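Here is the structure we will look at.
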Protein chains: 2
Amino acid sequence: MTTVKHVLDSKGRDVYSISPDASVFDALKRMADNNIASLVVLEDGKLVGIITERLYAREIILKGRTSSGTFVREVMSTRVIYARPDQSVQECMAVMTARGVRHLPCWKMSD
Amino acid sequence: MTTVKHVLDSKGRDVYSISPDASVFDALKRMADNNIASLVVLEDGKLVGIITERLYAREIILKGRTSSGTFVREVMSTRVIYARPDQSVQECMAVMTARGVRHLPCWKMSD
């Protein structure tokens, strides 16, 4: 059984984040620079949301906003669904389908 | 073994397309209206490319363009990788990883 931990062992454990007070343009640039499709949103070290390419595609120009004139906090999703390192990849895929999300940050409880 | 055909039996066979001479804004709107992340680009009934949310996120604002002032043909990918109905889902996932694509239009040769 392949677990989230196995995937992380292969893809690395870098997590890219952004402030809720950054612009969506800056979020987009950070995603492009790192070739990723989402960023976790951290405020005072606490996870408060997630911003994704999907949200950018749906919530900015189509709603009359601009990426440079919109804060991340205005469009981020605050409903963040996690994965645990011991979960199986199959289980994660089922969660993503059931919850309608395309990104699962992996969260490990402190020891 | 789950094949592409099984997936299509479940998710449906609608294929959404757009003209290369449409604006990226119109492409984005069509994707949002149908809750999808890519459109095949058809010219005179012939498949000439694919446009995706990923291309929108990377090729428009970050390169100083606007979605309403850019034609689909300017940013579409002309490297379209297909799946066949008889391919397994596992095989398709391997192709997507190997070729670095996130969308595989399914193409059935005419009888």
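The values are calculated or read from the model by the stated rules, or taken from the named source; none is laboratory data. Source: prediction; values computed, not measured. Cβ: placed from backbone, ideal geometry, glycine included. Neighbour counts: every protein chain shown. Only protein heavy atoms, including side chains, enter the accessible area calculation; ligands, DNA and RNA are left aside. Shrake-Rupley method; radii C 1.70, N 1.55, O 1.52, S 1.80 Å.
Starting from the residue with the highest accessible area, list A:Cys92, A:Cys106 in decreasing order, probe 1.4 Å.
Details: A:Cys92 15, A:Cys106 50 Å².
Heavy-atom accessible area, descending, gives A:Cys106, A:Cys92.
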Other-copy label distances relative to B:Leu8, 7 angstrom Cα-Cβ extension, nm: 3.9
What residue in chain B has the Cβ closest to the axis turning B into A, and how close is it in whole Å? B:Glu53, 3
Would you mind listing the distances between the A:Ser88 label point and the same position in each other copy? Use 7 Å along Cα-to-C-beta, nm, one decimal, shortest first. 1.6
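Tell me, what is the percent relative contact order of segment B:56-111, built from C-alpha pairs under 8 Å that lie six or more residues apart? Write out the running numbers ahead of the final one.
Values: 32 pairs, mean separation 17.4, N = 56.
Rounded, it is 31 percent for segment B:56-111.
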Inside 10 Å of the C-beta atoms of A:56-66, what's the mean count of C-beta atoms belonging to other chains? 4
B:Glu59 accessible area, assembled protein chains, probe 1.4 Å, Å²: 50
Under the 7 Å Cα-to-Cβ spin-label approximation, B:Gln90 and A:Thr97 lie apart by a distance in nanometres of 1.6
For the protein assembly as shown, one quarter of the surface area of the C-alpha convex hull, expressed in nm², comes to 13.8
Assuming R0 = 25 Å, what is the FRET efficiency of B:Leu8 and A:Glu43, from their Cβ-Cβ distance, to the nearest 0.05? 0.05
Starting from the Cα coordinates of segment B:14-77, work out the convex hull volume and express it per residue in Å³. 68
If you take each beta carbon of peptide A:26-39 and count the beta carbons of other chains within 10 angstrom, what is the mean? 2
If each part is reduced to its alpha-carbon centroid, segment B:75-111 and segment A:1-44 end up apart, in Å, by 26
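Evaluate E = 1/(1 + (r/R0)^6) for B:Thr66 and A:Met1, where r is the Cβ-Cβ distance and R0 equals 41 Å; express this FRET efficiency to the nearest 0.05.
Details: r = 47 Å, r/R0 = 1.15.
Efficiency, from the Cβ-Cβ distance: 0.30.
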List the relative contact order of chain A as a percent without decimals, with contacts defined as Cα pairs under 8 Å and 6+ residues apart. 29
Find the all-direction average of the projected area of the Cα convex hull for segment A:70-111, expressing the result in square nanometres with one decimal place. 3.8
Accessible area in the full protein assembly, largest first, 1.4 Å probe, for B:Leu28, A:Leu62: A:Leu62, B:Leu28
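How fast does chain A diffuse by Stokes-Einstein, in µm²/s, taking the Kirkwood radius from C-alpha pairs at 4 °C and 1.567 mPa s?
Answer, rounded: 88 µm²/s.
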